[in-house]
Amino acid sequence: SYIYINDEFVDESEGKVSYSDRGYNFGDGIYEYIRIYDGKVFTSKEHYERLFRSAKEIGLNLDAYSVEGLTEVTKELAAKNNVVNGGVYIQVTRGVAPRNHPFPDASTKPVFSAFSKSYDRPYDELENGVKAITVEDIRWLRCDIKSLNLLGNVLAKEKATQNDAAEAIMHRGETVTEGSSSNVYAIKDGKIYTHPANNLILNGITRRVIKELAEDLNIPFIEESFTLDFLNNADEVIISSTSIEVMPVVQVNDQKIGDGKVGQITKQLQNAFNNYIESKS
Ligand code: PLP
């Protein structure tokens, strides 16, 4: 299939990167992952605006790019690869320069690359829910930046995988932050609670859609942090991301959430999310 690298579409076999790329040496770069539903890009503007924000926060100059231009690239890549349902991954690094911690010369061009993949929505899991484990959040204090530095997330997800769980829900001390690649919500007495969108979590695009849908459904959406104990005693738990959408969590560690079945508010949000996808495609 085709990939996009250094401003052109090439066969993936031609996708070469330098050993001196700062993304490779330092994880010095940022990324996005955008969903394709029915051949159309989903919430692409929101994703690219977040990419520009991440770039700004790490002092990476993306003046040569625009939200509109990148959306076109995303559409073209998906079309070239005949992606009907799937996603496009995009990353930008601070470029190629001899390995040295300070930023390279201002003339160094960012290295931009993207690939696409095809897959179906996770229907079974959306219907039946998944298991999660809890792990200490050992990441840095700028989790609001969608950075290529994902070692903390990788170690957490590996622990989940080792325990036959779909996700690792992270906590700083007693406070639940987010999943290793998702946002986390606890539903109690008809209200949705989720960590505020500050430096300790990524402000998910799916989270923003869920917030909007909850408001339309008159379900209180409360952006306040909650504890591990609150999570364990929630009526329903959800995780969300671009790839897993509104995903029910029916078990955390060895404990069932509620009655261990997908709850009513989760179903309401899933329905609203399906309608939202339809309305945008
Ligand atoms: N939090 C983390 C750490 C993530 O990696 C992701 C997505 O990959 C999310 C939250 C969810 O973000 P989004 O809904 O924009 O995919």
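Some observations on this one:
- Any pair with Cβ under 6 angstrom, 6 or more apart, that starts in segment 253-268 at a residue that is at pLDDT below 95 and ends at one that is of a type in the set (A, V, I, L, M, F, W, C) and exposed (fewer than 12 other Cβ atoms within 10 Å of the Cβ): none
- Segment 199-209 - residue that is near the ligand (Cβ under 9 Å from one of its atoms) and out of contact with any strand residue (DSSP E or B) (no Cβ under 6 Å at 6 or more places or on another chain) and, of those, nearest to THR266 (Cα to Cα): VAL209
- Hits in segment 136-178 - residues which are within 13 Å of the ligand (Cβ to nearest atom), open to solvent by less than 50 Å² (accessible area, probe 1.4 Å) and either on the phi > 0 side of the Ramachandran plot or in contact with a helix residue (DSSP H, G or I) (Cβ under 8 Å, 6 or more places away or on another chain) (or both): ASP137, ARG139, ASP144, ILE145, LYS146, SER147, LEU148, GLU167, ALA168, ILE169, MET170, VAL176
Conditions tested, residue by residue: (1) out of contact with any His (no Cβ under 9 Å at 6 or more places or on another chain); (2) free of Cβ contacts under 8 Å to residues at least 24 places away in the same chain.
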{"residue": "THR74", "(1), (2)": "no, no"}
{"residue": "GLN91", "(1), (2)": "yes, no"}
{"residue": "VAL96", "(1), (2)": "yes, no"}
{"residue": "ASN100", "(1), (2)": "yes, yes"}
{"residue": "PHE103", "(1), (2)": "yes, no"}
{"residue": "SER113", "(1), (2)": "yes, no"}
{"residue": "LYS117", "(1), (2)": "yes, no"}
{"residue": "ARG121", "(1), (2)": "yes, no"}
{"residue": "GLY129", "(1), (2)": "yes, no"}
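- Residue match in segment 122-135 (condition: within 16 Å of the ligand (Cβ to nearest atom), open to solvent by less than 40 Å² (accessible area, probe 1.4 Å), of a type outside the set (A, V, I, L, M, F, W, C) and not in a strand (DSSP E or B)): yes
The values are calculated or read from the model by the stated rules, or taken from the named source; none is laboratory data. Just so we're clear, the structure is a prediction, and the values are computed from it rather than from any experiment. For neighbour counting, all protein chains shown are included, and Cβ atoms are generated from backbone atoms with ideal geometry for every residue, glycine included. Side chains are part of the model used for accessible areas, which takes the heavy atoms of the whole protein and leaves out ligands, DNA and RNA. Shrake-Rupley method; radii C 1.70, N 1.55, O 1.52, S 1.80 Å.
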